[in-house]
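Trainee: Below you will find the structure I want to go over with you.
The values are calculated or read from the model by the stated rules, or taken from the named source; none is laboratory data. A quick note: this is a predicted structure, and the numbers were derived from the prediction, not measured. Reconstructed Cβ throughout: ideal geometry from the backbone, glycine too, with neighbour counts over all protein chains shown. Quick note on the areas: whole protein, heavy atoms, side chains included, nothing else; ligands and nucleic acids left out. Shrake-Rupley method; radii C 1.70, N 1.55, O 1.52, S 1.80 Å.
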Amino acid sequence: MTSIPISVQGYKKLEEELARLKSERPAIIQAIKEAREEGDLRENAGYDAARERQGMAEARIKYIESRLALYQVVDLDKLSGDKVIFGSTVEVEDVDSGESRNFTILGPDEADPSKGSISFLSPVGQALLGKEEGDEVTVEIPRGRVTYEVVSIAFNGSKVLG
């Protein structure tokens, strides 16, 4: 993958997370030092917890740093069109049940299905990309196969990340 689209807001959020994680490093190192001074490391829960926290923080720092160079930052407020693309909000209707859903198509590092945004790399996201109003897509999702009809496509810009 040569570039990964991400919203301006999503990029800033990751930059802020990276800065926060880096600023926590001295506190983590101090916690490890203090736990080490308590003696026997084999039965030192404080030491184990501090080392685990350090490992998780360093892994996340490495992940974010490796991704920053791959991102193609997209200003959601400048998008428009009549096809489903990154940044669009799509209203779909389940052809079988008549249930209506909205999906905002975002990148993998900012999508949050609990808030209605999905990754363009997800099965539903991939199926919807390039579609227009009236098109139907059939997708395998965890509960089985579903067919959605694209009801509308909107570009709500940065408001979708609110």
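Trainee: Restricting the first residue to the range 38-51 and requiring it to be of a type in the set (Phe, Trp, Tyr), which pairs with a second residue that is modelled with pLDDT under 70 meet a Cβ separation below 6 Å and a spacing of at least six or different chains?
Mentor: Sorted first by the residue in the range 38-51, then by its partner, the pairs are TYR47/LEU41.
Trainee: Here is a follow-up. When you go through (1) free of Cβ contacts under 8 Å to residues at least 60 places away in the same chain; (2) open to solvent by less than 30 Å² (accessible area, probe 1.4 Å); (3) of a type outside the set (Lys, Arg) one by one for ALA27, which number turns out not to apply?
Mentor: (2)
Trainee: Report whether or not SER100 is among the hydroxyl-bearing types (Ser, Thr, Tyr), closer than 22 Å to GLN126 by Cα and out of contact with any helix residue (DSSP H, G or I) (no Cβ under 7 Å at 6 or more places or on another chain). Step through it out loud before you land on a result.
Mentor: Numbers: among the hydroxyl-bearing types (Ser, Thr, Tyr): yes; closer than 22 Å to GLN126 by Cα: yes; out of contact with any helix residue (DSSP H, G or I) (no Cβ under 7 Å at 6 or more places or on another chain): yes.
When the stated conditions are applied, SER100 passes them.
Trainee: Taking the condition open to solvent by 40 Å² or more (accessible area, probe 1.4 Å) and within 15 Å of the chain's Cα centre (by Cα), does VAL95 pass?
Mentor: No.
Trainee: Let me ask something additional. Considering ARG101, ARG145, which residue is closer than 27 Å to LYS13 by Cβ, basic (Lys, Arg) and not assigned by the TED database to the domain that holds LEU70?
Mentor: Numbers: ARG145 fails: closer than 27 Å to LYS13 by Cβ.
Just one listed residue meets the conditions, ARG101.
Trainee: Here is a follow-up. In the range 122-162, what residues are part of a helix (DSSP H, G or I) and touching a residue at least 40 places away in the same chain (Cβ under 8 Å)? Walk me through it before giving the result.
Mentor: Step one: filter the range 122-162 for residues part of a helix (DSSP H, G or I), giving 123-128, 157-161.
The answer is LEU128, GLY157, SER158, VAL160, LEU161.
Trainee: Please specify each residue of the range 60-88 satisfying the condition of being open to solvent by less than 20 Å² (accessible area, probe 1.4 Å) and either assigned to a loop (DSSP other than H, G, I, E, B) or touching a Phe, Trp or Tyr at 6+ places or on another chain (Cβ under 8 Å) (or both). Before you say what the answer is, go through the steps one by one.
Mentor: Residues of the range 60-88 that are open to solvent by less than 20 Å² (accessible area, probe 1.4 Å), as a first pass: 61, 64, 76, 84, 87-88.
Those that are open to solvent by less than 20 Å² (accessible area, probe 1.4 Å) and either assigned to a loop (DSSP other than H, G, I, E, B) or touching a Phe, Trp or Tyr at 6+ places or on another chain (Cβ under 8 Å) (or both): LEU76, VAL84, GLY87, SER88.
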